[in-house]
Structure formats: C-alpha cells, structure tokens
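Structure record follows, encoded as structure tokens.
Laboratory data are not the source of any read-out in this text; all were calculated from the coordinates shown. Bear in mind that the values here come from a model prediction, so they are computed numbers and not experimental data. All Cβ positions, glycine included, derive from the backbone under ideal geometry; neighbour counts span all protein chains shown.
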C-alpha cells in the first residue's frame, strides 16, 4: 500500500469516527422546547421499541388524574402528516399516553386536554425510545417506602396512597414499616447489604438503636438471619403461631381483655403476630383452666391441680393409681371404631405429606393436616376416657391434673397420688397402689454410647472445677481413703459404685478422649490440657528429683498441683442416665454444665432421632419454633435446631441429673448387737 492509499484509508476512518461521535453526541431533542398539544393529536409511534402491551394503566390513570402528568412525553411528526394539527407519534411515554386515553374514554378528560410533549426529529425518535426503555430502572423498595412516608406526612391516608398507586392497603402499610427502619440500615438495604427478609424482620421494632445493635453488633453472621432477628426483637413476646396458650385462650379473648398484639405485616397468614403481654395471656389461660377444674373437682377427687405446660419431672414424682375401664356397649364399639378409622386416615395423610419429597412446601396444607391428625387422635383419647372409672376410695386418696398439651388442648390425668402420700396409700392397701413401683420401665431417652459420651463431658467439667479447689480436692480424697483405713468403723455402709475417684491414681485423661470424639474441642478439655501443660513444664524431668522438688515448693504450689492430680483421677463415665456419686461433687462445686457443653450437631443432635430433636427444641425454646423442624429432613432439622438452641442453655437430662446413689445402713442390727453383748 502506497502513502496515498494510506492517507485515503486514514481519512475514511476519520470520517467514520466523526460520524459515530456526531451520533453519540446528538442532543436527542434536548434543544427542543416542551410544547403543550391536544391529546387528540397524539398516537403511538411505529418507532417505539416497546412492543409488549403496557400494564398497570388503570393505576397510572388514577395517579395522573390526582396529580396531573408530571413528566412530558417525547414525540415526532409522522411521515405524510403535515400541517398545524398533524398527528404526532409518541416514541417515549407509551404508558402515560395509554393512561390519558383511558381517562378520555371514561369521559374524565377530552381530546382538547393539553399534554406536555417534547417534539424531536424522526431520526432521533428511535434512539429516544430505546434509551428510555433500556435505561429505565424501577424504584428501590427503600426509596418507595420513604416516598410513601412523605405522602403520609403531607396528610395523605394509606387508602389514598393505595388508590393512587393501585396497590393493596397492606402493601402501603408494609412500605411504611420499612420506612421506619434506621436510615443507616436503609442505606445498606439500598446497596444490597441486606435482604428484603432481613429488613422486614428489623421493621418489627420501631427502636432504631435496637435495630442497629442487632445488625452491627452481631457476633456471627447467622445472628443476622431473619429468624434470629425476629427472635431477638420479640424475645420477651410470644409468637401466636401454633402457641398452645393462644390456641386455648384464643386471640380474640386476649385482645378483648386489653392485650396488645404486635402484628407481623410481612406475613401473609391471618392473625400472625406477637403477644405483647405474656403475663395477661398466662393469667387468662390459668383462669379458664380453673373454671374447667371445678367440674373435675366435683367428681370427688382429693385435689385438682392445673398447669399451662406439662412438667415431666414434677409429674414423675407422683404415684399413679390404676383405674378400671367398664366394658363398651355394641354402639360404643362402633362409634370408637369410626373415630379410630378417621384418626388412622388423618395420620396416614400427614405421613404421606412428610414422605413426599417431590411436593413443594405448603405451610397451609401442612398445618391443616397436622390439625386434623391432632383432632382425630384427641377425639379417640377422649372417647376412651369416658370408659375410665374410679372408686370413691381412689378419689379420696388421689387427685387430678388439668394440663395444656402442645396444641392447646386440655388433657386431664386422674389418679395421681402426691409424693408424700404414696407410702400411706401403699400401706392402706388401696387397689392399684402397687403400681407405684411396678410400672413398666420406659425406654431410656439416650442409648449407652451417647450416655458414655455425655458423662465423659460431665467428668471433664468436674475436673476443671475440682482442680481449682484444693480444699475440696483434699476432702474428696480423704472421703475415699478414710473408709478404707477405718474399715471396721464403716463396714456396714454400702452402696453401688459409691466412689467417684480411683485411689490407685488411675488417670482418666486418655479414657475421656476415647469415649467422646469431640472432647478435644470442648471448653473443659482445653482448660484441662492447658493446666496439664503448665504443670508438665514445671515438673522435673526425672522421678528421682520429684520428691526433693516437691519439698522445695510453696504450700500454694503443692496444694494446686495436688488438686489437679486428684481431679485427673475422676471418672464418672457411665452407660446409663442413673444416679452417680459424682453428682454430690457437682452440687458441692456448683458445676454449671451449660458453661462447658452446648448442643450442636456434633455433640448431640446427630446422635438422636428427628423426633427427639423436635422434642428438645419444643421444650427448650417453644413448640411453635420447633414445628417447622418436623417437616425437614434429619440433617436439615439438626442444622436448624443447632441455631435455635444456641442461646437456650439447654442441657440433656444425663447432664442435669444430680441424683446420687443411696447409702444403706443396718443401724438397727448394731443396736441389737450391743444389747446382746
């Protein structure tokens, strides 16, 4: 290519660049003035790039009718249409034009209605349409919420705003709740720093300081989950969903008594919210139970108690008399058979829903199935209870409990004997009293392997506490040695596994690691290991130097080392949740297992059934929080339960059992021996 060709090519390229620059720098009608033209002169431009039929025209029409047209249209002269009153094609503003035409068709404006229009050339029309439609971005929900709030502050009502924007009143109320969130948090929301579900949860509180504290001071990211935010805001309140007290009292009765309900505007379910006065709800439930208790007391029982929640530990201390059931009539058998069929059918439908993994989650359907299953089961139980009979002797020595179950239904348990009256009932020969000691042994909550795992953690926790208390350590060791030295003095006292330590100085260090594979990560073990390393660094390397070294140490050093060594011999690992002598030491040291053990998937939840997981969350947090776990797979339920239990302080029964083995003594024989002599 010669120089002339190169010069020519360069010139051609320059012309193209200049042409593109001219196109990019076009004013697109910015120099044109806005004109007011009659509506009758406007029609849709064939150059408008939006081909999809516009939507929301009715709402836009109402907005224009109320406020006027706030933004001009962009139009161009149509080909072949010349003259003073020629038609103009609207290339930007198709929805606004459609809204104006709708108002005209309704007779609310006429063809002479003046519309602000910027007239551009036909060459600019296509670009103007493309830019407007391509660059359009809907308002962020935060900005819309603030805009709604400004209208309210102008004196407009929620109904007015709803009509103006053609949205439900509930939508306006929800936006106004979002507008009441801290401005700092709204900025985060605008910039995608939080989700809509998270800002909805924060909107439950009107306290900006609380909102900001929950968000900015969250120690871990999961604390910002919508569920956790709601739980933190409503920690002193009761979620009305599936709450037994609410079901029993009813929300209408609670509100009629002056109770406040914090409504969750972001829930689509009816009546969802939070009880603001838990004491009032408790009072109303107790009062209603007391009314029902009068009918039971009229049967002739010695006592009648009411409880708004079952306390298993309390009831386990009561004796139970055996009742008698009369024979059913033929009609009653038929009626009960029908009830049982309905119960089985409802249970099968609920199980089928849980087992069908292909079906999408449907809260309403699940709630309906659960309600049907509970209702039909309760109907069968109540029918059978009608056949139960008690003698006057029974009722004179026993009582009844009225208890609310997890669904808010009243359960009546009759024939209960107070702990202090059990011995008298057995001595009196009341029929059925022998059942106090001969009840069928219940299946243990925890298997042997899990019990050993948990009691290993108990041992580690007590070791930490004992190592810090030399005086107690000395007393513990002496308590173990004295009966051996003075065996003739204590020979008549005995118990099963009464000693918590091995005097032979068997260290339980390695055993604890074997019994619990999560031991090394526990708080107690980290303290034990750190203390062990400290003493190991101080001790002499050879045993021959140990005694001289000990004699040189101060009393404090020897006392603390002695306490650590005694603690290291503790061993309370057990395959059952039964009485253990280490529990006496737990009481002396006031050991709080919640300080050393927390329920996680690794420590507990992966080792029990899903039903047990649901039961634990129900008891530790609330039945309504536990309810969603029942429909999850085991792994998902365990993960969700770990979050819900994180701040609950819940401890399994194995670790809360402080029962110690009884020590029996035959002192009467001693006295007889002395008399004989």
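Measuring r between the beta carbons of residue 382 and residue 601 and using R0 = 41 Å, the FRET efficiency lands at 0.55. Percent antiparallel among DSSP beta bridges with both residues in region 281-438, to the nearest 5? Percent antiparallel among DSSP bridges in region 281-438 is about 65. Descending by average beta-carbon neighbour count within 10 Å, the peptides 377-387, 167-177 line up as 167-177, 377-387, the highest first. Normalising the average separation of contacting C-alpha pairs (under 8 angstrom, six or more residues apart) by the number of residues puts the relative contact order of region 505-589 at 39 percent. Note on residue 353 and residue 633: the model spin-label points, each 7 Å out from Cα along the C-beta direction, lie 2.1 nm apart. Can you give me the P(r) profile for region 281-438? Cα pairs, bins 5 angstrom wide beginning at 0, each as a whole percent. Percent of Cα pairs in each bin: 1, 8, 14, 14, 16, 15, 13, 9, 5, 3, 1, 0, 0.
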